[in-house]
Amino acid sequence: MEQAIVIVAEQQLALAEELPLGSAGAEQFAYHFTSLKRSLRSVLQLFQEVTAAEKDTA
């Protein structure tokens, strides 16, 4: 599960890094920022579930 979390985070970061900052418009920034925010929230929720499950089994 932890590996899946890392893969998702890396994919989202790669998409954000492809954004050309010099020519990006306000809509592109807003879209990518919102996408990253949602992705980060999802990754943190998955991580929280994994750590909670590990605590329950310990």
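The values are calculated or read from the model by the stated rules, or taken from the named source; none is laboratory data. What you see is a predicted model; the values in this text were computed from it and never measured. For neighbour counting, all protein chains shown are included, and Cβ atoms are generated from backbone atoms with ideal geometry for every residue, glycine included. Note: areas computed on protein heavy atoms with side chains; ligands, DNA, RNA excluded. Shrake-Rupley method; radii C 1.70, N 1.55, O 1.52, S 1.80 Å.
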**Fill in**
Residue-ordered couplings for region 4-19, obtained by feeding phi - 60° into the Karplus form 6.51 cos²θ - 1.76 cosθ + 1.60 and rounding to whole Hz (Gly and Pro as x), are 5, 4, 5, 4, 4, 5, 5, 5, 5, 5, 4, 4, 5, 5, 6, 5
**Item:** Extension gain from VAL8 to SER23, taking 0.36 nm per residue of separation minus the Cα-Cα distance
**Value:** 2.8 nm
**Request:** Enter the angle in degrees (range 0 to 90, nearest 10) between the Cα long axis of helix 26-57 and the first principal axis of the Cα atoms of the chain, meaning the one along which they spread out most.
**Result:** 10 degrees
**Asked** Quick one, what does Rg over Rh come out to for the chain if you take C-alpha atoms and the Kirkwood Rh?
**Response** 1.16
**Item:** Å² per residue, accessible surface of the chain at 1.4 Å
**Value:** 82 Å²
**Request:** Might you report the magnitude of the Cβ-based charge dipole of the chain about its Cα centre, with Lys and Arg at +1 and Asp and Glu at -1, to the nearest 20 debye?
**Result:** 200 debye
**Complete:** Projected onto the charge dipole of the chain (unit charges on the beta-carbon of Lys, Arg, Asp and Glu, signs +1, +1, -1, -1), the Cα from VAL8, LEU36, THR51 with the largest positive-side position is that of LEU36
**Prompt:** With all protein chains present, how much of the accessible area of the chain (probe radius 1.4 Å) comes from carbon and sulfur, to the nearest whole percent?
**Reply:** 60 percent
**Request:** Kindly provide the helix-only [θ] at 222 nm of the chain, computed as the sum of -39,500 (n - 2.57) over DSSP H runs of four or more divided by all residues, to the nearest 500 deg cm²/dmol?
**Result:** -29000 deg cm²/dmol
